[in-house]
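Here's the structure we're looking at; comments come further down.
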Amino acid sequence: MKKTMGVIGLIGVCGAAAPVYAQDSVGTGTGLAGGDALPVDVAGAPYQRAQYVLDLTAFRSSWGNRFGMAPLSKASTVTGGYRAQNDNTREFFNGQLSAQYISQNVRLDVPSASSQYSLWTTAGQGVHPTRNTPGQLIGGPAGSFQFGFGSADFGFDGSTPQRSMNSIIGGVVNVDPANPGRLYVTRVVAAHNAPAGQPARSGLGFGAVDASGNVVFRADNNDSPAGTPDRIVGNNIFRVQTVAYGAFAGRAPAVLNVISNLGGSDASATNWVVANSSTTHTTPTLVPAGVGDLARGSAIGLTFGPAYFFESALNSVTTNATYRGAAADSRGGVSFTPVQIFPGSTGTAAAITKNATGGGTPAENLSIWGTTGVGGVLSQFTIAGPRNPGQLINDPCSPGFGGWLFDNGEFRHYSGAVAFRGGNGQIAVAKDQAGRGLVAATAVSGLLNTNDSPYNAIMVYRFDTNNPSAGQWVAAAWYDFINLQGKAILGDSGNDGTPFTGDAGENDGVLDLNPSSATYDAPIGRLAAFAEFTGAGNRLGPTMTAPAFDSVGNIYFISGVKLNKAGGFIDDDTALIRAVYDPANFCYRLELLVELGDTKLGQNSGVRYNIPFMSSSLSTGASSSGFWSGNVASYAFGGTDASQFTTSDPRTLGGLVFNAGIVYDVDGDGDYENPTSTGGNPASADQAYNALMYIGNIEPLEEPGCPADFDGDGFVDFFDFDAYVACFEDANACPPGKTADFDGDGFIDFFDFDAYVAAFEAGC
């Protein structure tokens, strides 16, 4: 009896990463009546709380790196459906997403948040009680790691006049580290702004979530008509516990948690952290529970004072001005990471600051500060932008490039409704594997310095944490609007830089950047401004969103791009990009992860979908629904020690979320025809949703072992049996690293012998 483990082990790995995904479902009906987005204004499960399995769809980046992707959560709808603003004739399958966030901490070795999860494998199955047929109920992993996710969604109902509906969605995901391709999702409606069928009591702006499912958000009355009963007053910060942990019961699904001037309807799960303040507060972020001192986490953020606020005790905030050092003012929101730049701190917060108050003065600084356990300011450092006239910012990873012209530029990615509706935050903070500090933000050049400027770069400051003033700036990503020149995007597409042409070097598994090599991989495209695109209208920029770091200093962002396609076609596109960190040369190389038009097969639904939309910017500047530093986890996959990985390894990514539109090809004709689009075919059977997409590692940290292979030679045979018997009889005869205590109970007895015999007979 001989069994080759190499082949069988490979099959096991592939099986663990089967390409399927959560809320990958289509309704059983036709047209809009068949859509299966969950109404947010209906009490009870699964409307207020749903549990389902998410199996990631495997895909490869332009570099050939393997990730998994899935729609983590569809945006909600309301009873009667959402309509186009000021046009009741156009109905949509669900609402739109605003700001999003993934927890910046991870809980390890915890039980699943829910006892049962719905798993489905065919079209029509899902969690909607009337528009899906039910899936199979399965249990979650007993030991898992857990992270949180959250977003805001919104839309306009069909009443006259239309009512503005707005919700906060949150929850947690549990993952068995040995099977990273399967996620167990608990999705919860944390809060809604109106009772069913009634006007809004509030308008909600998403903040942050932690790994325990605590969600923080902002509330005001801007979406609430005057005279509405219990209309909320002033500026408000709320926190909702979405799932149970410790002594906290979590959200009660039998209750609509309406946010009004009475607080939250689900009072036991809701904290009113800031109530009816006359001072304008930005959307909050969170010092997570389990990281800081408060059991539900500490809300932190900025005011238009300007001041920094932190929750020094439950539902009690303290303000502080030392966060900005000698700077006079701040802009945007606050970023937070558990990464400890300053000794003795709980983590690090950051914000854009100014040396002068008022509009028209430059947002020229990046301020970072170490936090106490409740978010207070422990230590502070302000990094001045390199604003000398004519100042060029180098990019050592772009040969022949003379530098990006900062030239009295500033960090302006805070315009529009960002302060009131999120996201968080403008600045990314990390440490690299050598322990050096990294701070990044999106900048505009002084040559074209407006909110919607397309002349952008993601600038990174690297420094010794013991001497932060002696750091260095580089341009990780850039676009030169004057010369219509953008940083190159790289890929394993051969000499012509075009996929699927079969030329030399294409898909050989090596990213060859030597132009003299026969297998040279030319750039597959470049960063580009939306202003370059045909049909862009008045949409100029920003070219790229805010940046986000992973565990080793790689940067993720969404940007306009121009990509090479077969036949010499240049595709104007929006894409999710990873800038892979080269610590030796302190520079970044760009890798394409996702582009508009990408098509995936959902194996839960058995239906293909494509991605026709990713949110990046507005015609007036930054978009709340775009991409922010809180969209990427600060930790490596499963909280693993990232020091063992190369920077390009997918396992350096603990996970990310982004806002996208997806269209299911329900009729299977290959046209992905959104029946709700302007000028589209309303008779199309296809279904279109806005969804919170997730990308993460899909590979196990280690290939699954085979306990029956006791001698470790890669085969299960009688040599293994003999080796175990010898070890059982004499501990000195055990193979290196092995013990006869096969059942791990601390004793060596015949229960161990029986357990080994069972494993031996089962094979691998």
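Only the coordinates and a few stated rules stand behind these numbers; no lab work does. The structure displayed is predicted, hence computed values, not measured ones. Ideal geometry is used to build each Cβ from the backbone, glycine not excepted, and the neighbour counts take in all protein chains shown.
So here's what we get for this one:
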{"quantity": "Mean Cα-pair separation over length for the chain, i.e. relative contact order, pairs under 8 Å, 6 or more apart, %", "calculated": "13 percent"}
{"quantity": "Rg to Rh, two decimals, where region 629-683 supplies the alpha carbon set and Rh follows Kirkwood", "calculated": "1.30"}
{"quantity": "Amide H contacts of GLY44 (H built 1.01 Å from N, under 5 Å, at least 5 apart or other chain)", "calculated": "ALA254, VAL255"}
{"quantity": "Trypsin sites (Lys or Arg not before Pro) restricted to DSSP loop in region 183-266 with at most 16 other C-beta within 10 Å", "calculated": "ARG231"}
{"quantity": "Region 517-588 versus region 377-446: alpha-carbon centroid distance in Å", "calculated": "17 Å"}
{"quantity": "Cα-based shape type of region 215-336, given that a ≥ b ≥ c are square roots of the gyration tensor eigenvalues and the cut on a/c is 1.5", "calculated": "oblate"}
{"quantity": "Relative exposure of GLU532, GLU699, judged by other C-beta atoms within 10 Å (fewest first)", "calculated": "GLU532, GLU699"}
{"quantity": "Estimated vicinal HN-Hα couplings, Hz - region 641-653 in sequence order (Karplus 6.51, -1.76, 1.60; Gly, Pro = x)", "calculated": "5, 7, 5, 7, 9, 6, 5, 7, 5, x, 6, 5, 8"}
{"quantity": "Over region 507-612 - Rg/Rh using Cα atoms and the Kirkwood inverse-distance radius", "calculated": "1.01"}
{"quantity": "Kirkwood estimate for region 361-502, i.e. one over the average of 1/r between Cα atoms, Å", "calculated": "16.9 Å"}
{"quantity": "Per-residue HN-Hα couplings for region 361-373 [Karplus 6.51, -1.76, 1.60; θ = phi - 60°; Hz; x = Gly/Pro]", "calculated": "9, x, 8, 9, 10, 10, 9, 10, 8, x, 9, 6, x"}
{"quantity": "Alpha-carbon Debye profile of region 87-201, log10 I(q)/I(0) at 0.19 Å⁻¹", "calculated": "-1.11"}
{"quantity": "Cα-based convex hull volume of the chain per residue, rounded to whole Å³", "calculated": "176 Å³"}
{"quantity": "Placed amide H near LEU302: partners under 5 Å, 5+ positions off or other chain", "calculated": "THR282, PHE309, VAL334"}
{"quantity": "Convex hull volume per residue in cubic angstrom - Cα atoms of region 720-762", "calculated": "69 Å³"}
{"quantity": "Within the chain, helix-based [θ] at 222 nm, where runs of 4 or more DSSP H residues each add -39,500 (n - 2.57), nearest 500", "calculated": "-1500 deg cm²/dmol"}
{"quantity": "Shape category assigned to region 505-568 from the gyration tensor of Cα positions, a/c cut at 1.5", "calculated": "oblate"}
{"quantity": "For region 359-436: rounded, prolate or oblate by the Cα gyration tensor [a/c cutoff 1.5]", "calculated": "oblate"}
{"quantity": "Test item: Cα-centred dipole of region 445-513, Lys/Arg +1 and Asp/Glu -1 on Cβ, debye", "calculated": "460 debye"}
{"quantity": "Under 11 Å, Cβ to Cβ, from GLY140 - net charge with Lys/Arg +1 and Asp/Glu -1", "calculated": "0"}
{"quantity": "Summed side-chain charge close to GLN100 - residues other than GLN100 whose Cβ falls under 12 Å, Lys, Arg +1, Asp, Glu -1", "calculated": "0"}
{"quantity": "Within the chain, percent of DSSP bridges classed antiparallel, to nearest 5", "calculated": "95 percent"}
{"quantity": "Mean separation of Cα contacts under 8 Å (6+ apart) over length of region 720-762, as relative contact order %", "calculated": "26 percent"}
